[in-house]
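Written below as structure tokens is the structure these notes are about.
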Amino acid sequence: MSDDTTAQPEASAKPARSDAEKAEMLEVLERWTASLSAELDLAGLDVDIDRVLALAGVAAHAVLRPAAPLTTYLVGYAAGRAAALDGANEAEATARAFDAASQLARRPTA
């Protein structure tokens, strides 16, 4: 007979990644970013992977998990559009788009 009051481990809990796993993951992401940037004729683009992942995390937790890729896509699009159409500095346009998305995701919902 089982005891229903026994605490069960949370099914969604993930074990923490080791430093080696984190380093390997970052290396894969850096290679992917460089390959994709070259394929999209964006070679030499400086991508702050940690910042992109942090924004995706904010969107995923504050909104819904699927908001992460949508948020990062829209931020990139907005930054590119501002740089192309408004003549904004790419770094400044990117910073403004990141900040706007981050602030919106953190706003309390009505």
What net charge do the residues around Lys22 carry, taking every other residue with its C-beta under 14 Å from that of Lys22, with Lys and Arg at +1 and Asp and Glu at -1? -4
Rh_Kirkwood(the chain) over Cα pairs, Å, one decimal, evaluates to 16.6 Å
³J(HN,Hα) across the stretch 50-59 via Karplus (A = 6.51, B = -1.76, C = 1.60, θ = phi - 60°), whole Hz, x for Gly/Pro? 4, 5, 4, 5, 5, 5, 4, x, 4, 5
Can you give the accessible area of Glu90 in Å² (nearest 10), computed on protein heavy atoms with a 1.4 Å probe? 130 Å²
Roll a 1.4 Å probe over the protein chains and send me the accessible area per residue for the chain in Å². 82 Å²
Taking springs between alpha-carbon atoms closer than 10 angstrom, which of Ala59, Ala88, Ala20 fluctuates most in the Gaussian network model of the chain? Ala20
Can you give me the solvent accessible area of Arg106 with a 1.4 Å probe, rounded to the nearest 10 Å²? 150 Å²
Working out 0.36 nm times the residue gap between Leu36 and Asp48, then minus their Cα-Cα distance, what length gain in nm do you get to one decimal? 2.9 nm
Go ahead and collect, in residue order, the members of the stretch 46-75 whose backbone nitrogen is under 18 Å from a label point 7 Å along the Cα-Cβ direction of Leu85. 73-75
Please calculate the 1.4 Å probe accessible area of Thr33, with all protein chains present, and give it to the nearest 10 Å². 30 Å²
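The values are calculated or read from the model by the stated rules, or taken from the named source; none is laboratory data. Small disclaimer: the values here were computed from a predicted structure and weren't measured. Note: ideal-geometry Cβ built from the backbone for every residue, glycine included; neighbour counts use all protein chains shown. Please note that ligands, DNA and RNA were not included when accessible areas were found on the heavy atoms of the full protein model with its side chains. Shrake-Rupley method; radii C 1.70, N 1.55, O 1.52, S 1.80 Å.
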